[in-house]
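> Let me begin by handing over the structure; questions about it come next.
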Amino acid sequence: MIELKIKNQKNSIIINSNKVKDIIGLREDIEDIKDISNTIKEENIMAFDCQLAEDVFDMEDIEELIEEMGEDIDESYFQVFFEDVRAYLKDATDEIEDELQDKYLSDNIRCFFDVYNIDESFTDFKFVFLISFKEIKIASLTNLCKLVGRRQLTGGSKFYS
């Protein structure tokens, strides 16, 4: 847990990462969330290790299609499916960003995510979610998010086994 002191449209406020985690955790499409903000050194940025709820994408239909097609399924199918997951998370990220901007009265809040792990059955999507409370270029936030995702994938995450 970390606390950030930021200046919004009215005054200076303190934002607690546990409260932000609770806001994100209210979403039905995020199954698990862990605050990993204290593992990054960037000022005014919070980080969360998340898992997408299993029921967001109906895997039964996909499994039936795979069974029907046998081993002739093209890998590009999974790329399209992965892009669907990314599009879904992008929309969720935009919604969370808007909600946080409204709650904290600040236009300098930026969110970004990076999917870092998908299990073989395509039912377990793990991703890192970063929230910046300062002016930052999206390229910088993207790079930081990818670094945190790689670290989580290589064992930095004690949250998932």
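Nothing in this text is a laboratory measurement; each read-out follows from the coordinates by a stated rule. Note that the structure is predicted; figures quoted are calculated from it, not measured. No Cβ is skipped: glycine too gets one built from the backbone with ideal geometry, and neighbour counts run over all protein chains shown.
> Pairs 34/134; 5/134; 21/126; 103/126: which are spaced more than 18 Å apart, C-alpha to C-alpha?
Result: 34/134; 103/126 exceed 18 Å.
> So for the pair residue 154, residue 43, with labels modelled 7 Å out along Cα→Cβ, what separation do we get in nm?
Using points 7 Å along Cα→Cβ, the separation is 2.7 nm.
> If I take R0 = 35 Å and measure r between the Cβ atoms of residue 7 and residue 53 in this structure, what FRET efficiency does the formula 1/(1 + (r/R0)^6) give, to the nearest 0.05?
0.50
> Could I ask something else about it? Distances over 18 Å make up what percent of all Cα-Cα pairs in segment 3-156?
Tail of the P(r) past 18 Å holds 60 percent of the pairs.
> Quick check on the exposure proxy: order 84, 35 from fewest to most C-beta atoms within 10 angstrom.
Exposure proxy ranking, most exposed first: 84, 35.
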